[in-house]
Amino acid sequence: MRYEGKIYRPPSEADAFILQATVGCSWNRCVYCDMYRDKQYRVRPLADSLADLDEAARLAGDRVDKLFVADGDALGMPMEHWTAILARARASLPRLRRVSCYAMASNVLEKTDDELLALREAGLSLLYIGPESGDDETLRRIAKGSTHAEHVAAAQRAHAAGMQISVIALLGVAGTGRAREHAEATGALVTAMDPEYFAALTTTVVPGTPLAKQSLRGRFELPDIRGMLSELRTIVDVARPTNALFRTNHASNYLPLAGRLPRDRARIVEIIDAALGGRIPLRPEWSRGL
Ligand code: SF4
């Protein structure tokens with residue numbers, strides 16, 4: 001398997017085979033993100049991706065049931081690459097039950113309805129979309145590249161094609177100055193995108209990123225732990241998805257939570273309140289990760 005640079009995948013894809021069919025992120029501008037800053041975006045040659053799939057099939061084909069296509073916005077890959085990769089995966093991985101990738105809202109919106117349908121029929125079943133915030137002003141400040149409304153439209157088009165979506169929010173990304181607007185609008189965005197999965201991560205100011213520079217110049221202040229938990233409480237309290245599996249199991253979070261929304265909302269809010277009141281321990285700073 002030929003991997004270039006550090007490979008990122010969602011926690012729930014820890015047991016998936018990761019195929020790096022693209023390198024880096026075609027956008028690469030979100031101010032908090034340093035995942036692919038050292039990579040020049042490109043689509044890998046199709047022959048290389050197919051050779052990696054063949055090798056995975058040879059080594060562990062009877063065990064692979066999940067395939068995650070990397071890197072940062074792999075949905076933007078041309079259709080001919082997607083259809084060839086999905087066809088080869090179906091043919092060579094007999095136990096395959098899920099294919100997923102990261103997607104920006106623009107990646108979804110740039111594909112036609114027929115293309116999205118063709119991808120779903122070929123096996124792409126789950127998109128991880130990270131608006132991070134539902135607040136348009138925050139989205140502008142973090143250079144997310146898409147608005148609240150565009151994320152809703154992307155979710156609707158993915159759902160119309162039969163795909164599931166996992167929505168990712170980022171606690172603290174609006175700084176102390178806009179935390180309330182960020183949290184309320186993010187809860188509303190989760191309602192409107194109506195994902196099957198919803199995860200919250202916690203912002204880390206990574207040295208070298210534009211956010212770190214803003215922070216050094218005093219233009220961005222990360223909320224403290226209490227502030228992060230308050231945002232999480234508001235988001236969970238406001239969000240009204242139909243039936244979403246909710247998790248904060250990412251290593252960046254102070255408080256690992258799991259449940260279904262809206263079913264477990266009251267229980268989750270109670271746990272957050274207990275954490276805010278100091279009645280349950282938080283993940284220590286030293287064991288947090290990006
Ligand atoms: S779209 Fe994702 S991978 Fe690309 S810069 Fe933004 S957060 Fe990073």
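Let me spell it out: the conditions are (1) more than 16 Å from the ligand (Cβ to nearest atom); (2) within 25 Å of His159 (Cα to Cα), and Leu53 meets all of them except one. Which number is the exception?
Looking at each condition in turn, Leu53 falls short on (2).
Hey, among Ala122, Ala153, which residue is touching a residue at least 40 places away in the same chain (Cβ under 8 Å), away from the ligand (no atom under 16 Å from the Cβ), among the small types (Gly, Ala, Ser) and in contact with a strand residue (DSSP E or B) (Cβ under 9 Å, 6 or more places away or on another chain)? Reasoning before the result, please.
Details: Ala153 fails: in contact with a strand residue (DSSP E or B) (Cβ under 9 Å, 6 or more places away or on another chain).
Every option except Ala122 fails the conditions.
Those residues that are more than 9 Å from the ligand (Cβ to nearest atom), in a loop (DSSP other than H, G, I, E, B) and in contact (Cβ under 8 Å) with a residue 60 or more places away in the chain, I need them from region 7-30; list them, please.
Once the filter is applied, which keeps residues that are more than 9 Å from the ligand (Cβ to nearest atom), in a loop (DSSP other than H, G, I, E, B) and in contact (Cβ under 8 Å) with a residue 60 or more places away in the chain, region 7-30 yields Ile7, Arg9, Pro10, Ala16, Ala21.
Looking for something free of Cβ contacts under 8 Å to residues at least 60 places away in the same chain, surrounded by 17 or more Cβ atoms within 10 Å (Cβ to Cβ) and touching a strand residue (DSSP E or B) at 6+ places or on another chain (Cβ under 7 Å) - is there at least one such residue anywhere in region 222-229?
Yes, region 222-229 contains a residue that is free of Cβ contacts under 8 Å to residues at least 60 places away in the same chain, surrounded by 17 or more Cβ atoms within 10 Å (Cβ to Cβ) and touching a strand residue (DSSP E or B) at 6+ places or on another chain (Cβ under 7 Å).
Within 19 Å of Glu13 (Cβ to Cβ), modelled with pLDDT of 95 or more and buried (at least 17 other Cβ atoms within 10 Å of the Cβ) - does that describe any residue in region 259-281?
no
Return the only residue of Asp71, Asp38 being within 14 Å of the ligand (Cβ to nearest atom) and modelled with pLDDT under 95.
Every option except Asp38 fails the conditions.
So which residues in region 135-149 are in a helix (DSSP H, G or I) and away from the ligand (no atom under 13 Å from the Cβ), if there are any at all?
Of everything in region 135-149, those that are in a helix (DSSP H, G or I) and away from the ligand (no atom under 13 Å from the Cβ) turn out to be Asp136, Glu137, Thr138, Arg140, Arg141, His148, Ala149.
Filter region 31-48 down to residues that are touching a helix residue (DSSP H, G or I) at 6+ places or on another chain (Cβ under 6 Å) and either in a loop (DSSP other than H, G, I, E, B) or among the small types (Gly, Ala, Ser) (or both), then give me how many there are.
Summing the residues that are touching a helix residue (DSSP H, G or I) at 6+ places or on another chain (Cβ under 6 Å) and either in a loop (DSSP other than H, G, I, E, B) or among the small types (Gly, Ala, Ser) (or both) in region 31-48 gives 2.
Regarding Leu232, is this residue away from the ligand (no atom under 16 Å from the Cβ), surrounded by 21 or more Cβ atoms within 10 Å (Cβ to Cβ), part of a helix (DSSP H, G or I) and at pLDDT 95 or above? So that I can check it myself, show each step before the final result.
Numbers: away from the ligand (no atom under 16 Å from the Cβ): yes; surrounded by 21 or more Cβ atoms within 10 Å (Cβ to Cβ): yes; part of a helix (DSSP H, G or I): yes; at pLDDT 95 or above: yes.
Taking the combined requirement at face value, the residue satisfies it.
The values are calculated or read from the model by the stated rules, or taken from the named source; none is laboratory data. Computed from a prediction, not measured in an experiment: that's the story for all the values here. Cβ: placed from backbone, ideal geometry, glycine included. Neighbour counts: every protein chain shown.
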